[in-house]
1. Does Asp27 satisfy being free of Cβ contacts under 8 Å to residues at least 12 places away in the same chain and not β-branched (Val, Ile, Thr)?
2. Which residue out of Leu11, Leu40 is at pLDDT 95 or above and buried (at least 18 other Cβ atoms within 10 Å of the Cβ)?
3. Which of the residues spanning the range 43-79 are crowded, with 17+ Cβ neighbours inside 10 Å and under 11 Å from Leu16 (Cα atoms)?
Amino acid sequence: MPLQVNDQISLLADILRSHQLDQCGSDSECQQLERLTNSLLQNPQTPLELRDTLIAIQTYGQNGGQAKSLEHHIIQSNGDLNQWMSVIDQM
């Protein structure tokens, strides 16, 4: 059974919150971020006000998967993570 939009957003938030709090992550989490954002961006039920944030998160996941140091990438993205979590928490 496919995840509903709210479930996908919750999963996305869990991964981002983990990156934000732990200041570390994995390649598989970055790949999951890409899959989730891609799915949400293609779903017409996704709130329009999330689209720009989802695109930014998608780019973050792609760049994280290509980064020499994922931890460094996460630390550098801390401000963005805070902003994205704020947007998601308002949903």
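The values are calculated or read from the model by the stated rules, or taken from the named source; none is laboratory data. This is a predicted model, so every value here is computed, not measured. Note: ideal-geometry Cβ built from the backbone for every residue, glycine included; neighbour counts use all protein chains shown.
1. No, not satisfied.
2. None of the others qualify; the one that does is Leu40.
3. Ile57, Tyr60, Gly61, Ile74, Ser77
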